[in-house]
1. Just the residues that are modelled with pLDDT under 95 and β-branched (Val, Ile, Thr), please, taken from the range 191-212.
2. Test Leu118 against the stated conditions and say whether it is part of a helix (DSSP H, G or I) and crowded, with 21+ Cβ neighbours inside 10 Å.
3. Which condition number in (1) surrounded by 12 or more Cβ atoms within 10 Å (Cβ to Cβ); (2) under 20 Å from Leu213 (Cα atoms) is the one that Gly282 fails?
4. Tell me, which residue of the range 201-229 that is out of contact with any Gly (no Cβ under 6 Å at 6 or more places or on another chain), buried (at least 24 other Cβ atoms within 10 Å of the Cβ) and of a type outside the set (A, V, I, L, M, F, W, C) is nearest to Ile257 (Cα to Cα)?
5. Answer yes or no: is there a residue in the range 152-160 that is closer than 17 Å to Lys255 by Cβ and in contact (Cβ under 8 Å) with a residue 12 or more places away in the chain.
6. List the residue pairs whose Cβ atoms are under 7 Å apart, where the first residue sits in the range 202-217 and is in contact (Cβ under 8 Å) with a residue 24 or more places away in the chain, the second is among the hydroxyl-bearing types (Ser, Thr, Tyr) and assigned to a loop (DSSP other than H, G, I, E, B), and the two are 6 or more positions apart or on different chains.
7. Test Ser232 against the criterion of being surrounded by fewer than 17 Cβ atoms within 10 Å (Cβ to Cβ), in contact with a Leu (Cβ under 9 Å, 6 or more places away or on another chain) and in contact (Cβ under 8 Å) with a residue 60 or more places away in the chain, and give yes or no.
8. Does any residue of the range 218-239 turn out to be over 16 Å from the mean Cα position of the chain (by Cα) and modelled with pLDDT of 95 or more?
Amino acid sequence: MAYPQGHLVAVGGAEDKGTDLEKGILQRNRLNFMELGILKNIVSLIDGPEPHVEVVTTASSIPDEVAQNYIDAFHKLGCNNIGHLRIRNREDAGKPEFLDRLKACNCVMISGGNQLRLSSIFGGTEFLDILTDRFKHENFVVAGTSAGAMAMGQTMIYEGNASLAHLKGEVKITTGLGLLRYAIIDTHFDKRGRFNRLAQAVAQQPGAIGVGLGEDTGIIVSKGIILEAIGSGSVVIIDGKNIEYNNIADIEFGKPISVENIIVHIMSKGDQYNMETRKFHGAEIVIPED
(Lines give C-alpha, C1' and ligand atoms only; values in the text may rest on other atoms or scores of the structure.)
Protein backbone atom coordinates (compact mmCIF):
# COMPACT_ATOMS: atom_id res chain seq x y z
CA MET A 1 0.00 0.00 0.00
CA ALA A 2 1.02 3.63 -0.43
CA TYR A 3 1.57 5.20 2.96
CA PRO A 4 0.87 8.92 3.53
CA GLN A 5 3.95 11.07 2.99
CA GLY A 6 3.03 13.74 5.51
CA HIS A 7 3.12 13.81 9.30
CA LEU A 8 0.40 14.24 11.89
CA VAL A 9 1.12 15.69 15.31
CA ALA A 10 -1.68 15.19 17.83
CA VAL A 11 -1.31 16.91 21.21
CA GLY A 12 -3.31 16.18 24.37
CA GLY A 13 -3.57 19.92 24.99
CA ALA A 14 -3.88 22.04 28.00
CA GLU A 15 -6.59 24.02 26.25
CA ASP A 16 -10.30 24.02 26.83
CA LYS A 17 -13.39 25.12 24.93
CA GLY A 18 -13.13 28.81 25.70
CA THR A 19 -14.13 29.32 29.32
CA ASP A 20 -10.83 28.12 30.78
CA LEU A 21 -8.92 30.01 28.12
CA GLU A 22 -10.68 33.19 29.16
CA LYS A 23 -9.50 32.59 32.74
CA GLY A 24 -5.85 32.80 31.77
CA ILE A 25 -4.94 29.38 30.39
CA LEU A 26 -3.55 30.96 27.23
CA GLN A 27 -0.49 32.27 29.02
CA ARG A 28 0.16 28.94 30.75
CA ASN A 29 -0.18 27.06 27.46
CA ARG A 30 2.36 29.32 25.80
CA LEU A 31 4.91 28.48 28.50
CA ASN A 32 4.09 24.75 28.47
CA PHE A 33 4.43 24.44 24.72
CA MET A 34 7.73 26.30 24.78
CA GLU A 35 9.24 24.51 27.77
CA LEU A 36 8.31 21.02 26.62
CA GLY A 37 9.33 21.56 23.05
CA ILE A 38 6.13 20.24 21.47
CA LEU A 39 6.04 23.10 19.01
CA LYS A 40 9.72 22.48 18.32
CA ASN A 41 8.79 18.93 17.29
CA ILE A 42 6.24 20.33 14.87
CA VAL A 43 8.68 22.84 13.38
CA SER A 44 11.36 20.16 12.99
CA LEU A 45 9.07 18.21 10.64
CA ILE A 46 8.50 21.13 8.26
CA ASP A 47 10.49 21.28 5.03
CA GLY A 48 12.46 24.38 4.08
CA PRO A 49 14.33 27.14 5.90
CA GLU A 50 11.25 29.36 6.41
CA PRO A 51 8.26 27.39 7.71
CA HIS A 52 4.88 28.68 6.56
CA VAL A 53 2.26 27.73 9.15
CA GLU A 54 -1.46 28.47 9.02
CA VAL A 55 -3.38 28.32 12.33
CA VAL A 56 -6.97 27.05 12.12
CA THR A 57 -9.13 28.22 15.04
CA THR A 58 -12.50 26.93 13.82
CA ALA A 59 -13.07 24.85 16.96
CA SER A 60 -12.51 27.74 19.36
CA SER A 61 -15.02 30.24 20.72
CA ILE A 62 -12.25 32.84 21.04
CA PRO A 63 -10.40 32.40 17.73
CA ASP A 64 -8.41 35.62 17.69
CA GLU A 65 -6.94 35.14 21.16
CA VAL A 66 -6.05 31.51 20.43
CA ALA A 67 -4.47 32.38 17.09
CA GLN A 68 -2.33 35.08 18.69
CA ASN A 69 -1.15 32.58 21.30
CA TYR A 70 0.19 30.28 18.59
CA ILE A 71 1.58 33.10 16.48
CA ASP A 72 3.56 34.38 19.48
CA ALA A 73 4.80 30.87 20.34
CA PHE A 74 5.94 30.14 16.77
CA HIS A 75 7.66 33.52 16.62
CA LYS A 76 9.69 32.57 19.71
CA LEU A 77 10.92 29.56 17.74
CA GLY A 78 12.07 31.81 14.91
CA CYS A 79 9.10 31.17 12.62
CA ASN A 80 7.78 34.41 11.17
CA ASN A 81 5.50 33.29 8.33
CA ILE A 82 2.48 32.41 10.48
CA GLY A 83 -1.08 33.06 9.31
CA HIS A 84 -4.54 32.70 10.79
CA LEU A 85 -7.26 30.91 8.82
CA ARG A 86 -10.26 32.41 10.61
CA ILE A 87 -12.85 29.93 9.35
CA ARG A 88 -16.11 30.12 11.29
CA ASN A 89 -18.58 28.35 8.97
CA ARG A 90 -18.80 26.25 5.80
CA GLU A 91 -18.98 29.34 3.61
CA ASP A 92 -15.63 30.49 5.03
CA ALA A 93 -14.14 27.06 4.35
CA GLY A 94 -14.77 27.52 0.63
CA LYS A 95 -13.33 31.02 0.26
CA PRO A 96 -10.65 31.12 -2.47
CA GLU A 97 -8.31 33.12 -0.24
CA PHE A 98 -8.26 30.42 2.42
CA LEU A 99 -7.93 27.62 -0.13
CA ASP A 100 -4.97 29.38 -1.77
CA ARG A 101 -3.28 29.85 1.60
CA LEU A 102 -3.84 26.18 2.42
CA LYS A 103 -2.17 25.24 -0.87
CA ALA A 104 0.80 27.56 -0.16
CA CYS A 105 1.66 26.63 3.44
CA ASN A 106 3.62 23.59 4.61
CA CYS A 107 1.95 23.12 8.01
CA VAL A 108 -1.55 23.55 9.44
CA MET A 109 -2.03 23.91 13.20
CA ILE A 110 -5.59 23.13 14.37
CA SER A 111 -6.49 24.58 17.76
CA GLY A 112 -8.63 23.20 20.55
CA GLY A 113 -12.26 23.92 21.31
CA ASN A 114 -15.29 21.96 20.10
CA GLN A 115 -14.34 19.09 17.79
CA LEU A 116 -17.89 18.81 16.42
CA ARG A 117 -17.39 22.24 14.85
CA LEU A 118 -14.42 20.84 12.94
CA SER A 119 -16.26 17.83 11.53
CA SER A 120 -19.47 19.73 10.75
CA ILE A 121 -17.73 22.69 9.10
CA PHE A 122 -14.99 20.87 7.15
CA GLY A 123 -16.69 17.56 6.32
CA GLY A 124 -17.16 17.15 2.56
CA THR A 125 -15.49 20.46 1.69
CA GLU A 126 -12.79 21.28 -0.86
CA PHE A 127 -10.72 22.53 2.08
CA LEU A 128 -10.64 19.04 3.61
CA ASP A 129 -9.98 17.46 0.20
CA ILE A 130 -6.91 19.68 -0.29
CA LEU A 131 -5.70 19.09 3.26
CA THR A 132 -6.08 15.31 2.88
CA ASP A 133 -4.42 15.22 -0.54
CA ARG A 134 -1.43 17.22 0.63
CA PHE A 135 -1.05 15.01 3.71
CA LYS A 136 -1.16 11.87 1.57
CA HIS A 137 1.20 12.98 -1.20
CA GLU A 138 3.56 15.64 0.22
CA ASN A 139 5.76 16.14 3.26
CA PHE A 140 2.97 18.21 4.73
CA VAL A 141 2.43 18.60 8.49
CA VAL A 142 -1.00 18.63 10.13
CA ALA A 143 -0.84 19.38 13.86
CA GLY A 144 -3.73 19.61 16.28
CA THR A 145 -4.22 20.08 19.99
CA SER A 146 -7.18 18.95 22.12
CA ALA A 147 -10.21 19.10 19.78
CA GLY A 148 -7.84 19.54 16.84
CA ALA A 149 -6.22 16.22 17.76
CA MET A 150 -9.49 14.38 18.43
CA ALA A 151 -10.87 15.31 15.01
CA MET A 152 -7.98 13.66 13.15
CA GLY A 153 -9.39 10.14 13.35
CA GLN A 154 -11.90 8.45 11.08
CA THR A 155 -13.99 7.98 14.22
CA MET A 156 -14.29 10.87 16.69
CA ILE A 157 -15.60 11.17 20.23
CA TYR A 158 -17.66 14.34 20.49
CA GLU A 159 -19.32 13.97 23.87
CA GLY A 160 -19.10 11.84 27.01
CA ASN A 161 -19.02 12.52 30.74
CA ALA A 162 -16.01 10.63 32.13
CA SER A 163 -17.79 9.77 35.38
CA LEU A 164 -20.60 8.03 33.46
CA ALA A 165 -18.54 6.56 30.64
CA HIS A 166 -18.92 2.98 31.93
CA LEU A 167 -22.61 3.17 31.00
CA LYS A 168 -23.83 2.32 27.51
CA GLY A 169 -24.77 5.36 25.46
CA GLU A 170 -22.89 7.92 27.53
CA VAL A 171 -20.07 8.15 24.96
CA LYS A 172 -21.09 9.75 21.67
CA ILE A 173 -19.05 9.11 18.52
CA THR A 174 -19.28 10.37 14.96
CA THR A 175 -17.12 10.66 11.85
CA GLY A 176 -13.97 12.77 12.17
CA LEU A 177 -11.77 14.32 9.49
CA GLY A 178 -10.41 10.89 8.50
CA LEU A 179 -6.69 11.72 8.41
CA LEU A 180 -5.83 8.93 10.83
CA ARG A 181 -7.68 5.90 9.56
CA TYR A 182 -7.07 3.41 12.34
CA ALA A 183 -7.43 5.52 15.48
CA ILE A 184 -9.90 7.11 17.89
CA ILE A 185 -8.10 9.89 19.79
CA ASP A 186 -9.05 11.25 23.21
CA THR A 187 -7.28 14.13 24.94
CA HIS A 188 -6.79 15.57 28.44
CA PHE A 189 -6.71 11.86 29.15
CA ASP A 190 -5.11 11.58 32.59
CA LYS A 191 -6.36 14.81 34.12
CA ARG A 192 -10.00 14.17 33.24
CA GLY A 193 -10.02 10.41 33.87
CA ARG A 194 -11.12 9.41 30.38
CA PHE A 195 -10.02 5.76 30.26
CA ASN A 196 -13.58 4.38 30.39
CA ARG A 197 -14.68 6.91 27.79
CA LEU A 198 -12.07 5.76 25.28
CA ALA A 199 -12.61 2.09 26.20
CA GLN A 200 -16.34 2.39 25.42
CA ALA A 201 -15.55 4.03 22.07
CA VAL A 202 -13.23 1.12 21.24
CA ALA A 203 -15.84 -1.40 22.42
CA GLN A 204 -18.25 0.16 19.92
CA GLN A 205 -15.64 -0.11 17.14
CA PRO A 206 -13.13 -2.86 18.10
CA GLY A 207 -11.28 -2.55 14.81
CA ALA A 208 -10.11 0.92 15.81
CA ILE A 209 -7.24 1.70 18.15
CA GLY A 210 -7.86 4.07 21.04
CA VAL A 211 -5.15 6.68 21.64
CA GLY A 212 -5.35 8.57 24.93
CA LEU A 213 -3.16 11.67 25.13
CA GLY A 214 -2.25 13.28 28.43
CA GLU A 215 -1.85 17.04 28.68
CA ASP A 216 1.53 18.39 27.53
CA THR A 217 1.89 15.08 25.68
CA GLY A 218 1.37 14.04 22.09
CA ILE A 219 2.22 11.74 19.22
CA ILE A 220 4.00 12.17 15.92
CA VAL A 221 2.42 9.94 13.28
CA SER A 222 4.63 8.85 10.36
CA LYS A 223 3.36 6.99 7.27
CA GLY A 224 -0.10 7.10 8.79
CA ILE A 225 0.64 4.14 11.07
CA ILE A 226 3.74 4.75 13.27
CA LEU A 227 3.03 6.61 16.50
CA GLU A 228 5.89 8.13 18.51
CA ALA A 229 5.20 9.60 21.94
CA ILE A 230 6.44 13.13 22.67
CA GLY A 231 6.15 15.44 25.67
CA SER A 232 6.22 14.94 29.40
CA GLY A 233 3.38 12.52 30.09
CA SER A 234 1.92 9.24 28.91
CA VAL A 235 0.16 8.03 25.78
CA VAL A 236 -2.30 5.19 26.42
CA ILE A 237 -3.07 2.74 23.61
CA ILE A 238 -6.30 0.70 23.82
CA ASP A 239 -6.45 -2.18 21.33
CA GLY A 240 -9.80 -3.92 20.94
CA LYS A 241 -8.95 -6.32 18.12
CA ASN A 242 -8.77 -9.33 20.43
CA ILE A 243 -11.92 -8.53 22.41
CA GLU A 244 -13.83 -11.74 23.16
CA TYR A 245 -16.88 -11.00 25.30
CA ASN A 246 -18.49 -7.59 24.68
CA ASN A 247 -22.05 -6.87 25.87
CA ILE A 248 -22.45 -3.37 24.45
CA ALA A 249 -24.78 -4.41 21.64
CA ASP A 250 -27.11 -6.38 23.91
CA ILE A 251 -27.64 -4.28 27.03
CA GLU A 252 -30.03 -1.37 27.49
CA PHE A 253 -28.87 2.22 27.41
CA GLY A 254 -27.64 3.35 30.80
CA LYS A 255 -26.45 -0.12 31.86
CA PRO A 256 -22.75 -0.84 32.64
CA ILE A 257 -20.72 -2.30 29.79
CA SER A 258 -18.53 -5.42 30.03
CA VAL A 259 -15.51 -5.99 27.80
CA GLU A 260 -13.15 -8.98 27.94
CA ASN A 261 -9.54 -9.11 26.76
CA ILE A 262 -8.96 -5.49 25.88
CA ILE A 263 -5.23 -4.75 25.45
CA VAL A 264 -3.62 -1.64 26.96
CA HIS A 265 -0.16 -0.17 26.34
CA ILE A 266 1.35 2.85 28.09
CA MET A 267 3.91 4.85 26.12
CA SER A 268 6.30 7.55 27.28
CA LYS A 269 8.55 9.88 25.30
CA GLY A 270 10.34 8.08 22.47
CA ASP A 271 8.26 4.90 22.57
CA GLN A 272 6.62 3.85 19.32
CA TYR A 273 3.57 1.87 18.29
CA ASN A 274 2.76 0.42 14.87
CA MET A 275 -0.99 0.60 14.27
CA GLU A 276 -0.77 -1.74 11.29
CA THR A 277 0.95 -4.59 13.14
CA ARG A 278 -0.43 -3.49 16.53
CA LYS A 279 3.01 -3.83 18.09
CA PHE A 280 4.58 -1.70 20.82
CA HIS A 281 8.28 -0.83 20.45
CA GLY A 282 10.33 0.86 23.12
CA ALA A 283 13.15 1.56 20.68
CA GLU A 284 13.29 2.98 17.18
CA ILE A 285 11.61 0.84 14.55
CA VAL A 286 11.91 0.75 10.81
CA ILE A 287 9.28 2.73 8.92
CA PRO A 288 8.00 0.65 5.99
CA GLU A 289 8.83 1.59 2.42
CA ASP A 290 6.05 2.33 -0.04
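1. Of everything in the range 191-212, nothing turns out to be modelled with pLDDT under 95 and β-branched (Val, Ile, Thr).
2. For Leu118, the condition - part of a helix (DSSP H, G or I) and crowded, with 21+ Cβ neighbours inside 10 Å - is met.
3. (1)
4. Gly210
5. Yes, some residue in the range 152-160 is closer than 17 Å to Lys255 by Cβ and in contact (Cβ under 8 Å) with a residue 12 or more places away in the chain.
6. Short answer, once both residue conditions are applied: Ala208/Tyr182; Ile209/Tyr182; Leu213/Thr187; Gly214/Ser234; Asp216/Ser232; Thr217/Ser232; Thr217/Ser234.
7. It is true that Ser232 is surrounded by fewer than 17 Cβ atoms within 10 Å (Cβ to Cβ), in contact with a Leu (Cβ under 9 Å, 6 or more places away or on another chain) and in contact (Cβ under 8 Å) with a residue 60 or more places away in the chain.
8. Yes; the residues of the range 218-239 include at least one that is over 16 Å from the mean Cα position of the chain (by Cα) and modelled with pLDDT of 95 or more.
The values are calculated or read from the model by the stated rules, or taken from the named source; none is laboratory data. All values reported here derive from a predicted model rather than from experimental measurement. Please note: Cβ atoms are built from the backbone with ideal geometry, for glycine as well, and neighbour counts cover all protein chains shown.
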